[in-house]
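**Student:** To start, I am sharing the structure in question, which I have written as structure tokens.
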Amino acid sequence: MVPFSWEFFGQVVLEALTLFVLLAGLAGLLIPIFPGLTVMWIGTLVYALVQASNGKMTWVDWTLFVFITLLMVFGNVIDNF
């Protein structure tokens, strides 16, 4: 039997919560009053900050986060004009 690891448990909980927030944001893209893109970006931001605090974010991860941020800003600008 593999011993219990709090780090592994925390990682699974973090990824499950992030998935839930991303799915809620995806549903928000269909609901006009719910800011789906922003909710998805906030979920990604929290995930990135937790990963960075654990030292697991590389330059590739930060580059992808910047790309996600640019997509969110562009999408919100297009959505509001």
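**Student:** What is the one condition in (1) open to solvent by less than 100 Å² (accessible area, probe 1.4 Å); (2) part of a helix (DSSP H, G or I) that M57 does not satisfy?
**Tutor:** Among (1) open to solvent by less than 100 Å² (accessible area, probe 1.4 Å); (2) part of a helix (DSSP H, G or I), M57 violates only (2).
**Student:** Could you grab me the full set of residues in the range 35-54 that are assigned to a helix (DSSP H, G or I) and loosely packed, with under 13 Cβ neighbours inside 10 Å? Talk me through it step by step, then tell me what you get.
**Tutor:** First, the residues of the range 35-54 that are assigned to a helix (DSSP H, G or I): 36-53.
L49, S53 - these are the residues of the range 35-54 that are assigned to a helix (DSSP H, G or I) and loosely packed, with under 13 Cβ neighbours inside 10 Å.
The values are calculated or read from the model by the stated rules, or taken from the named source; none is laboratory data. Note that the coordinates shown come from a computational prediction; the quantities given were computed from them, not determined experimentally. Please note: Cβ atoms are built from the backbone with ideal geometry, for glycine as well, and neighbour counts cover all protein chains shown. Heads up: the accessible areas ignore ligands, DNA and RNA and are worked out on the full protein's heavy atoms, side chains in. Shrake-Rupley method; radii C 1.70, N 1.55, O 1.52, S 1.80 Å.
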